1. Treat each spin label as a single point 7 Å out from the Cα along the C-beta direction, and report the residue 242 to residue 75 distance in nm.
2. Largest first and in whole Å, give the semi-axes of the range 101-184's equivalent ellipsoid, each being the square root of 5 times a Cα gyration tensor eigenvalue.
3. Between residue 30 and residue 169, what FRET efficiency comes out of the Förster formula 1/(1 + (r/R0)^6) with R0 = 25 Å and r the beta carbon distance, rounded to 0.05?
4. Hey, got the Cα dimensions of the range 28-71 along the principal axes, in Å, largest first?
5. How much FRET efficiency would the formula 1/(1 + (r/R0)^6) give for residue 82 and residue 7, where r is the Cβ-Cβ distance and R0 is 22 Å, rounded to 0.05?
6. Using a Debye calculation, one point per C-alpha and no hydration shell, please list log10 I(q)/I(0) for the range 1-84 at q = 0.22 Å⁻¹ in order.
7. Tell me, what is the FRET efficiency for residue 191 and residue 14 to the nearest 0.05, using R0 = 30 angstrom and their Cβ-Cβ distance as r?
8. If you take all C-alpha pairs in the chain, what percent of them are over 30 Å apart?
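Derivation of every value follows stated rules applied to the coordinates shown; laboratory data play no part. Not measured: the values here are computed from a predicted model. With ideal geometry, Cβ positions are generated from the backbone for all residues, glycine too; neighbour counts draw on all protein chains shown.
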Amino acid sequence: MRELKSRVVRFCRDRGVDLIGFAPVERWDEADEVPPDFRPRALWPPAKTVIVLGLEMLLPIVETTPSVVHMELYKTANAELDQLAYDLARHLNRLGHASFFFPRDGYGSMRALRENNRAAFAHVPAAKYAGLGTIGASHNLLTAEFGPRVRFVSVFTSAEIPPDPMMGKELCIKCQACAKCCPKKAIRMRADRVVGDYDDQACLEMAEELVAQRCFPCGICTKVCPIGNDRTLYPQSGIMKKYLKETEALSGNSDDPEYKAWTHLRKYGVARGKKEGTGSRK
Ligand code: SF4
Ligand code: SF4
């Protein structure tokens, strides 16, 4: 099965996948963090391995959130991930390994989320069990490559593929930037653990406001996280101070020159009128 693993990695890399990890389905049972009905074997009993694929969300675009350019990047990444997962599942089927995939977004509308704010399967723990990173205070999966600026999709297969080791060291440094910058104060740091308390209703409220303006999703907690080697590619001195002062600076002067490039992009293509439409969340 080592050969199959190399073939899968090559197939994905040739199609532009940024991150790929392999998790045996037993990891869900060993960790016992995800309720039994939401584990891969409950969703599709033949599953032996979950292959998690990740695509980068480009930092300079994430920094403009909430904006139409960020919304389009999010939609493009999600569509691309679903296509990649669909292609990989069919590739594995052709090799004789029955496969299934769970799409990137498991929500039909904001109303569906309001009624039941949970997906049938969560990619964040899947990515953790596949060795791609650790869960930070913000409940996002932090990766060494892109911090939380990455989207995931999961392919289940009946093939037993050698797993990747889970990451031993926490990547979150508990800097509190996500909690301080969240416009809805939905993240609260915990002294006794890395993963913070998360108010999903407050985050959903933000999502509903942004859907109404046609510039969903929020993602401010992914923008401000200092983790990720993408920050080396896009170096910016004093950036954490800039993030932390943004709300105050813009409430004093909405044309503050330091934030001009971001605020320019937020002004165009965004509805300011009454609520409309559907969407999904972080
Ligand atoms: S997506 Fe926005 S509202 Fe939700 S937790 Fe992150 S910063 Fe807060
Ligand atoms: S912003 Fe700081 S506290 Fe929040 S997830 Fe990233 S490293 Fe952890």
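1. 2.7
2. Three semi-axes, in Å: 23, 22, 9.
3. 0.85
4. 41, 18, 17
5. Calculated transfer efficiency: 0.55.
6. The Cα Debye sum returns log10 ratios of -1.04.
7. 0.05
8. Of all Cα-Cα pairs in the chain, 31 percent lie more than 30 Å apart.
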